[in-house]
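Right, one structure below, let's go through it.
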Amino acid sequence: MGAGKTTVGRAVARRLGRPFFDSDHEIEARTGARIPVIFELEGEAGFREREAQVIDELTAREDIVLATGGGAVLRPENRAALKERGFVVYLRANPHDLWLRTRRDKNRPLLQTEDPKARLEALYEVRDPLYREIADFVIETGRPSVNGLVNMVLMQLDMAGVIRTPARPGRVSDNG
């Protein structure tokens with residue numbers, strides 16, 4: 001939550017010329033309701049059911065870039081679908097940085113508490129090992145620009161053979 005999955009994912013998709021999907025946005029489009037409203041009406045369990053269905057459908061597609069909601073890794077079926085059907089990039093940020101990025105965002109139901117920073121720390125403790133379990137690689141988000149993060153993701157995908165980046169003019173390449 002707040003690591004930059006949507007922003008970086010959208011930019012990676014644009015650079016690769018692939019369709020981009022955000023599972024939270026897809027849920028909102030299908031239901032006609034914002035995530036906080038879904039949480040209010042159906043609770044977290046209802047939202048997670050919708051999320052699992054969307055992730056199952058989206059991971060069945062090929063050649064897309066998918067950003068999931070921060071809690072998607074909580075369900076074993078989501079972790080399995082992501083790991084088995086795609087290449088998983090974990091954009092890792094420490095809880096303090098996440099708090100700085102999300103502290104004014106009212107569209108994050110899990111952070112609407114007396115102490116959102118403590119909540120982020122608790123979520124991180126549970127989620128970080130699950131992200132690491134399925135990640136093909138981890139990128140520390142720290143302070144790099146979006147463009148820097150996108151370049152890191154693309155470099156890792158290229159080195160893993162997931163994509164083939166075109167040769168730059170004046171550069172010798174066997175994959176252009």
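The values are calculated or read from the model by the stated rules, or taken from the named source; none is laboratory data. These numbers were taken from a predicted model, which means no experiment stands behind them. Cβ sites come from the backbone with ideal geometry, for glycine too, and all protein chains shown count toward neighbours.
Let me spell it out: the conditions are (1) within 15 Å of I134 (Cβ to Cβ); (2) in a helix (DSSP H, G or I), and G69 meets all of them except one. Which number is the exception?
(2)
Just to verify a result, which residue in the range 144-169, among those that are in contact with an Asp or Glu (Cβ under 8 Å, 6 or more places away or on another chain) and over 17 Å from L82 (Cβ atoms), is modelled with the highest pLDDT?
Among those residues, the one meeting the criterion is R164.
Output the number of the condition that I134 fails; it satisfies all remaining conditions of (1) in contact (Cβ under 8 Å) with a residue 12 or more places away in the chain; (2) surrounded by fewer than 17 Cβ atoms within 10 Å (Cβ to Cβ).
(2)
If I filter the range 49-83 down to residues being in contact (Cβ under 8 Å) with a residue 24 or more places away in the chain, more than 16 Å from D22 (Cβ to Cβ) and among the charged types (D, E, K, R), which single residue comes out as surrounded by the most Cβ atoms within 10 Å (Cβ to Cβ)?
Only one residue fits best here, namely R79.
Residue-by-condition table, conditions (1) touching a Ser or Thr at 6+ places or on another chain (Cβ under 7 Å); (2) at pLDDT below 95; (3) closer than 30 Å to R143 by Cβ:
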{"residue": "R30", "(1), (2), (3)": "no, no, no"}
{"residue": "E44", "(1), (2), (3)": "no, yes, no"}
{"residue": "E49", "(1), (2), (3)": "no, no, no"}
{"residue": "R61", "(1), (2), (3)": "no, no, no"}
{"residue": "I64", "(1), (2), (3)": "no, no, yes"}
{"residue": "G70", "(1), (2), (3)": "no, yes, yes"}
{"residue": "K83", "(1), (2), (3)": "no, no, yes"}
{"residue": "Y124", "(1), (2), (3)": "no, yes, yes"}
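Just need a number here: residues in the range 56-86 that are hydrophobic (A, V, I, L, M, F, W, C) and over 21 Å from A11 (Cβ atoms).
If we filter the range 56-86 for residues that are hydrophobic (A, V, I, L, M, F, W, C), which is where we start, we get 58, 60, 64-67, 72-74, 80-82.
Now restrict to residues that are over 21 Å from A11 (Cβ atoms): 60, 73-74, 80-81.
Looking only at that region, the number is 5.
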